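S.K.: Input: one structure, supplied below.
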Amino acid sequence: MTPQHEDYPAYARSERIADGVIHALGVSFALAGAVLLIVFSALAAEAQAGRIAAVAIYGGALIATFTASAFYHMTPWTGLRPVLRRIDHAAIYLKIAGTYTPLVVLIGTAFAYGVLAVVWTVALGGAVAKLFFWKSPGKLGPTLYLLLGWLSVALVWSIAMTLPVASTTLVVIGGLLYSGGVVFFLWEKLKFSNAIWHGFVLAASACFFAAIAVGVLS
C-alpha cells in the first residue's frame, strides 16, 4: 500500500474511480467550453476585443483549475502531492477571479471594475500565499474562497439590470452550489466526499459557464 501523509485522506479505490470520472468530465468540459465560448464571443453580433479577452481569461482559468485538480487528485506519485496541492489550491483563486472577469466586462460599470480589481488583488495574493507560504490547507483557504466568491453579491443588482434573467438565475444557483459543496469538502470522513465535492464544483462551474455564454450571446 502506498504510504499516506497524515494531511491526505486515504480514499478507497471506488472513491478514486468516481473522482477520476468527475475530473475527466471537468477537464473535457473546460477545454471544449473555453474554445466554444471564445469562438462564440468572436462571432457575436456585438463582438468586442474586451469581451473576447475576458472570456479567454475565464477559459484559461477554467482549464488551469480543472487540470491542476486532476493532476493533484489523480497522481500515483505521492511525493509530488505537496507541490501539486499548492498548485491546485492556488488555481482555485484564479478560477474565481477569472469567472468574475467576463461578467464584469459585460456589466461595464466603474463600480463593477472596482470590484473586479479587488477580486483579482485578493486572488493573486491568495495564489502566491498558497504557492509559497502556506504549508497546509487549514480552514482559512475555504473561508477565503467563500468570501471572495460571495463578494459577487455586490454585483447581483448590476447583473440583474444588465444581463438576461437566465444569467442572473444561473449565477445565483452556481453560488449556492459552490457554497453547499464546501460542506463535503470539509467532511473528509464521509465516503465519496471528495467526489461529491468535485461534483458540486463541476455543476456550479457549468452554471457560471452557461450564465456567461447567455450574456455573451444575448
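None of the figures in this text is laboratory data; all of them are computed from the coordinates on show. Being a predicted model, the structure only gives us computed values, none of them experimental. When we count neighbours, we look across all protein chains shown, and the Cβ atoms used for this are built from the backbone with ideal geometry, even at glycine.
S.K.: Roughly speaking, what % of Cα-Cα pairs in segment 13-217 are separated by over 23 Å, rounded to a whole number?
M.R.: When all Cα pairs of segment 13-217 are counted, 42 percent exceed 23 Å.
S.K.: Okay, moving on. Just to confirm my numbers, what's the Cα centroid distance between segment 173-218 and segment 8-68 in Å?
M.R.: Between the Cα centre of segment 173-218 and that of segment 8-68, the gap is 13 Å.
S.K.: Would you list the P(r) distribution for segment 99-204, with all Cα-Cα distances sorted into 5 Å bins from 0 and each bin expressed as a whole %?
M.R.: With 5 Å bins starting at 0, P(r) equals 2, 11, 19, 19, 20, 14, 9, 4, 1, 0.
S.K.: If the only charges are +1 at each Lys and Arg Cβ and -1 at each Asp and Glu Cβ, what is the size of the charge dipole of the chain around the Cα centre, to the nearest 20 debye?
M.R.: Dipole magnitude for the chain comes out near 340 debye.
S.K.: Which of 79, 20, 41 sits farthest toward the positive end of the charge dipole of segment 13-217, with +1 on the Cβ of Lys and Arg and -1 on the Cβ of Asp and Glu?
M.R.: Ranked along the dipole, the leading option is 79.
S.K.: Taking trypsin sites (Lys or Arg not before Pro) that fall in a DSSP loop and have at most 10 other Cβ atoms within 10 Å as cut points, what is the longest piece of the chain between them?
M.R.: Between the exposed loop sites, the longest stretch runs 1-134.
S.K.: Right, something else. Using a 10 Å cut-off around each Cβ, can you sort 88, 19 from fewest to most neighbouring Cβ atoms?
M.R.: Ordered by Cβ neighbours within 10 Å, fewest first: 88, 19.
S.K.: Once the Cβ-Cβ distance between residue 165 and residue 117 is put in as r, and R0 is 25 Å, what FRET efficiency do you end up with, to the nearest 0.05?
M.R.: 0.35
S.K.: How much mean residue ellipticity at 222 nm does the chain get from its helices, if each DSSP H run of length 4 or more adds -39500 (n - 2.57) and you divide by all residues, to the nearest 500 deg cm²/dmol?
M.R.: -27500 deg cm²/dmol
S.K.: Apply the Karplus parameterisation 6.51 cos²θ - 1.76 cosθ + 1.60, with θ equal to phi minus 60°, to every residue of segment 116-124 and state each ³J(HN,Hα) to the nearest whole Hz, in sequence, with x for glycine and proline.
M.R.: 4, 4, 5, 4, 5, 5, 5, 5, 5
S.K.: Kindly count the pairs of lysines across segment 13-217 whose alpha carbons are less than 21 Å apart, treating pairs on different chains or eight or more residues apart as eligible.
M.R.: Count of close lysine pairs: 5.
S.K.: Further question on the same structure: Using Cα pairs under 8 angstrom and six or more residues apart, how large is the relative contact order of the chain, in percent?
M.R.: 24
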